[in-house]
Amino acid sequence: MKTFQGLDFYDLDGLLTEEEKLIRKTVREFVEKEVLPIIEEYNEKAKFPSQLIPKMAELGLLGAQLKGYGCAGLGANAYGIIMQELERGDSGLRSFVSVQGALVMYPILTFGSDEQKEKWLPLLQQGKAIGCFGLTEPDFGSYPSGMRTNAKKEGNSYILNGTKMWITNGSVADISVIWAKTDEGSQTQGIRGFLVEKGTAGLKTSDIKGKISLRASVTSEISLTDVKIPVKNLLPKTEGLKSALMCLNQARYGISWGAIGAAMACYHSALEYSKERIQFEKPIASFQLVQQKLAWMVQEITKAQFLAWRLGKLKDEGKLKPHQVSLAKKNNVWMALETARMARDMLGANGTAYEYHVGRHMCNLEAVKTYEGTHDIHTLIVGEAVTGIPAYR
Ligand code: TGC
Ligand code: FAD
């Protein structure tokens, strides 16, 4: 099959800097050489290819959007391009980098003490420590305010009890950012972030097996039973659920870009396949119904690219609003999932085979549609922004 070139129907490249294009080239080559040859095998085995972590760290991909502690301090669009290229490989790989940078390093940098930053950020940036973000619980996904995990202060310690569910990298994390309710403040304002180190007594994890989606990613349950941590492990500047949601803004931003990568991979497969596949004595690309699908993909990928690019500009200017991130996350993941489903259809039976990648992307995108706020929750966030009326309850 012809080498992947991406899709640039409206000369988005004309708006990218030389640095952004160089970053894209570097990450694209990494994905081409190191990820694509092995990813289907890992997906089938339901294993994360952890041997890629040192290489991703060496390329500066971990916490690339952050400043200090060895991080690259890239602009928002350069960071987005990294997410796009990684997710062109696999959503699980992008998830790993998203969680590490946006959900673990970002909260430590934003809400942590100097001691926490100095201890963890260099290790996380170098891929020598892995982190996870524990917000979701078995009974509280879209509605994290209801969480039962609690932290009680006893002298110089906090005692944590509760269960976190569906946590990316939960069982392999050296450091877990756990969100728990304290008795200080209201239901949402009493929520604070805590750092729980691997090996702490009472911390147990088990992996979730049998996933149809994000198979090449570790997803775990974390149980906390009388987990005693020193007061200094509280992220001191966290102020309620709002702080957790601030982390989600960062990760949702990355997903808005990442989904474009998965969509472009599926578009590329569908285009190349339809030019080569002969039915009724003609390439299937010559049929109007097939061209309609390709044209739809080009149209929606192009719209998504500009949405993400503009979002990045707003982010760099410090003007980004959470509901703008919601619109892009919801639109771009929907677009990618529809593209993957269409590509799967266009490849006929081959679309169900691992070799062509589109089936894996399609399954992955089902989870991406759900995590970091479901498609419908983001619809309600946009609805609230335009009407002023929250419709969650
Ligand atoms: P609500 O009362 O609306 O909000 C509580 C406080 O937070 C403020 N706020 C935000 N602040 C910053 N950024 C945002 N996006 C914010 N959204 C709300 C809000 O102003 C309020 O502040 P204050 O000062 O009044 O306390 O809370 P609610 O209980 O009504 O819930 C609102 C809702 C539904 C939008 C929110 O809870 C939500 O987003 N739910 C979805 C949950 C979610 O996204 N979970 C993701 C878990 S992590 C994950 O999936 C990782 S996947 C990892 C991978 O990539 O592998
Ligand atoms: P629910 O909240 O039970 O939603 C079920 C359905 O009800 C959805 O369609 C939803 O849109 C709908 N619904 C809910 N409330 C409303 C409403 N008010 N109005 C209309 N419809 C509504 N979480 C973490 O904390 N950390 C992680 O690292 C992490 N990684 C994940 C990795 C994977 C592979 C997956 C699949 C999930 C991960 N999650 C993680 C959890 C994820 O964030 C949640 O699954 C997500 O927030 C949705 O919660 P839920 O699954 O409990 O669904």
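At a glance:
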read-out	value
The one condition in (1) open to solvent by less than 30 Å² (accessible area, probe 1.4 Å); (2) within 23 Å of residue 350 (Cα to Cα); (3) among the aliphatic types (A, V, I, L, M) that residue 308 fails to fulfil	(2)
Pairs, first assigned by TED's automatic domain parsing to the domain that holds residue 322 and near ligand 1 (Cβ under 7 Å from one of its atoms) in segment 369-393, second in a helix (DSSP H, G or I) and of a type in the set (A, V, I, L, M, F, W, C), C-beta under 7 Å, six or more apart	372/248; 372/251; 372/255; 373/248
Filtered residues of segment 10-24 (kept if within 16 Å of residue 299 (Cβ to Cβ) and surrounded by 13 or more Cβ atoms within 10 Å (Cβ to Cβ))	10, 12
Yes/no for residue 174 being within 21 Å of residue 240 (Cα to Cα) and either open to solvent by 30 Å² or more (accessible area, probe 1.4 Å) or assigned by TED's automatic domain parsing to the domain that holds residue 67 (or both)	no
Lone qualifier among 321, 303 - being closer than 22 Å to residue 76 by Cβ, without any contact (Cβ under 8 Å) to a residue 60 or more places away in the chain and not acidic (Asp, Glu)	303
Residue list for segment 326-361, filter: touching a Leu at 6+ places or on another chain (Cβ under 7 Å) and of a type outside the set (S, T, N, Q)	328, 333, 336, 337, 340, 356, 358
Selection from segment 114-147 of residues that are in contact with a strand residue (DSSP E or B) (Cβ under 9 Å, 6 or more places away or on another chain), open to solvent by 50 Å² or more (accessible area, probe 1.4 Å) and in a loop (DSSP other than H, G, I, E, B)	138, 139
Out of 85, 118, 154, sole residue that is more than 13 Å from ligand 2 (Cβ to nearest atom) and under 19 Å from residue 257 (Cα atoms)	85
Of all residues making up segment 334-359, the number that are closer than 16 Å to residue 213 by Cα, more than 16 Å from ligand 1 (Cβ to nearest atom) and buried (at least 24 other Cβ atoms within 10 Å of the Cβ)	3
Scan of segment 327-370 for residues that are of a type in the set (A, V, I, L, M, F, W, C) and not in a helix (DSSP H, G or I), ordered by number	347, 353
Tally of residues being among the acidic types (Asp, Glu) and not in a helix (DSSP H, G or I) across segment 371-383	1
Matching residues in segment 35-79 - criterion: being farther than 16 Å from residue 24 by Cβ, among the polar types (S, T, N, Q) and touching a residue at least 40 places away in the same chain (Cβ under 8 Å)	43, 50
Single unsatisfied condition, residue 384 versus (1) among the acidic types (Asp, Glu); (2) within 16 Å of ligand 2 (Cβ to nearest atom); (3) under 22 Å from the mean Cα position of the chain (by Cα); (4) surrounded by fewer than 17 Cβ atoms within 10 Å (Cβ to Cβ)	(3)
Count of segment 211-258 residues which are away from ligand 1 (no atom under 12 Å from the Cβ) and either touching a His at 6+ places or on another chain (Cβ under 7 Å) or among the aromatic types (Phe, Trp, Tyr) (or both)	1
All positions within segment 157-210 that are within 15 Å of ligand 2 (Cβ to nearest atom) and of a type in the set (Ser, Thr, Tyr)	163, 168, 171, 176, 205, 206
Test: residue in segment 65-87 that is buried (at least 24 other Cβ atoms within 10 Å of the Cβ) and charged (D, E, K, R)	yes
Test for residue 188: is it surrounded by 15 or more Cβ atoms within 10 Å (Cβ to Cβ), near ligand 1 (Cβ under 10 Å from one of its atoms) and hydroxyl-bearing (Ser, Thr, Tyr)	yes
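One line per residue, one yes/no per condition, for (1) over 19 Å from the mean Cα position of the chain (by Cα); (2) among the aromatic types (Phe, Trp, Tyr); (3) in the same structural domain as residue 147 (by TED's automatic domain parsing):
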site: 246; (1), (2), (3): no, no, no
site: 256; (1), (2), (3): no, no, no
site: 273; (1), (2), (3): yes, yes, no
site: 284; (1), (2), (3): yes, no, no
site: 289; (1), (2), (3): yes, no, no
site: 328; (1), (2), (3): no, no, no
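The values are calculated or read from the model by the stated rules, or taken from the named source; none is laboratory data. Here the structure is a predicted model, which means the values were calculated and not measured. Here the Cβ is made from the backbone with ideal geometry for all residues, glycine too, and neighbour counts use every protein chain on show. When the accessible area is computed, the model is the full protein with side chains, heavy atoms only, and any ligands, DNA or RNA have been set aside. Shrake-Rupley method; radii C 1.70, N 1.55, O 1.52, S 1.80 Å.
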